[in-house]
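Below: the structure, in structure tokens.
Please treat every number below as a calculation from the coordinates, not as lab data. Everything quoted here is computed from the prediction, not taken from an experiment. Glycine also receives a Cβ, built like all others from the backbone with ideal geometry; neighbour counts cover every protein chain displayed.
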Amino acid sequence: EAPQQPAPAPVPEPAPQPEPKPVAKPAPPKPAPPKPAPKPAPAAKPVPKPQPKPKPASPAAEKAPAKPAPTKQDSAAASSSKAKTPPAASKGKGKTETAKGDRPRGSRLGSDFLKGLTAEKSDAKPNDAPPSAARVDGKALAAIQQAIARQIQPCADRQVDPGPGANQIVTTLNLRLNRDGTLSATPTVVRQNGVDDDNRRYARRVVDLGIAAFKGCSPLKLPAEYYSTANGGWSNINYNWKLR
């Protein structure tokens, strides 16, 4: 028999390793402080506009010397001068039955037109009366004169001359007008001039033609402010009528 082998020596157990010491965890870093918010920029102050320097006051204009009031002698002389220059007599356009194509002619107010405006009593109603300061002056008279002549001329142009010498007769007609320019009454005869033995037979016919002209061409359009004024008005006027 083979000799017995010796038993193997026991393997020494390894010495126990010491437990590792716990390592302290590093403290977390502190968060960085927040950045301060930017301050808003201050609002720009408006720059005041420079005020314009006041202009030096101009010296007060010298007052014009007042005109001296007209003397009584001057007023009387002016009134006398106006009274001595009466307007020309108005004329209607007369023509024979065979005459054709005659050029229309303007008619004018007669010498009694101013009398009709200043002396005749007006038929205007009280509520139609204008302020007492209103007056008809020379310029207004001329405008009314031209307006009447222009508006009755078409009717005068259509009339027939009744006979020789009829166009020499001047008939003063009194007109009474409403505010709208219509006749408030048939025109009446104040007087006739220029009548002689040769044309006397046409005197009444001339009157009728004048009345017909105003009836045919009314209403007249005249300035309303001069219908009835402090010194008269066209509500009651005299008009010199004449054929030609």
Could we say that K215 is in a helix (DSSP H, G or I) and either among the aromatic types (F, W, Y) or touching a strand residue (DSSP E or B) at 6+ places or on another chain (Cβ under 8 Å) (or both) here? yes
Any pair with Cβ under 9 angstrom, 6 or more apart, that starts in the stretch 141-165 at a residue that is among the basic types (K, R) and ends at one that is surrounded by fewer than 17 Cβ atoms within 10 Å (Cβ to Cβ): R150/G106; R158/G216
